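Here's the structure, in structure tokens; my notes come after.
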Amino acid sequence: MEQSALRLVKRAIEYLPAEEVLRFPRGIRGIYVLYKYRPRLSRYDVVYIGMTNAGSGGGVRQRLRVHRKIKSGLWTHCSVFEVWDNIRDDEIVELEGLFRHIYRTDSRANALNVQRRFRPLERVKDSEVESWAER
């Protein structure tokens, strides 16, 4: 059996121009990030984090195609992180929720992310660091 370098991510591509999203085959599941390239600063700002799972129709390709139509001009590039086939859809949702939670207070990333926090994460929060030593 082939050994993977990562447990969750099968393949990744970063900073693909928006015009090239139709190059993806249908059915790719995983996490994607939309960026706005700032040439003057020579950097990519995160504007949205999303995910696709088995119920997403055409997968990443379809989601990015829709984003190009309805969020045109708000993003210029994307990154896609495809997950392995054995990663469940609820695990993809959890990853997306975690990333959105991290970016929830970033004013640049909040422009398109409606979700301000990931509710399931609230249930596992523990601000008493001393209790983390318990196993």
Under 9 Å between Cβ atoms, at least 6 apart or on separate chains: pull out the pairs that start in segment 71-86 with a residue that is more than 20 Å from R23 (Cα to Cα) and end on any residue that is not in a strand (DSSP E or B). L74/H67; L74/A111; L74/L112; D85/R29
Between a first residue in segment 94-116 that is under 22 Å from H77 (Cβ atoms) and a second residue that is modelled with pLDDT under 60 and polar (S, T, N, Q), which pairs have beta carbons less than 6 Å apart while being 6 or more apart in sequence or on different chains? R100/N113; R100/Q115
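Take the conditions part of a helix (DSSP H, G or I) and in contact with a Gly (Cβ under 9 Å, 6 or more places away or on another chain) and apply them to R61. Does it pass? Don't jump to the end; show me each part of the working.
Working: part of a helix (DSSP H, G or I): yes; in contact with a Gly (Cβ under 9 Å, 6 or more places away or on another chain): yes.
Criteria met by R61.
The values are calculated or read from the model by the stated rules, or taken from the named source; none is laboratory data. Quick caveat, the model's predicted, so the values are computed rather than measured. Don't worry about glycine lacking a Cβ; one is built from the backbone with ideal geometry, like all the others, and counts go over all protein chains shown.
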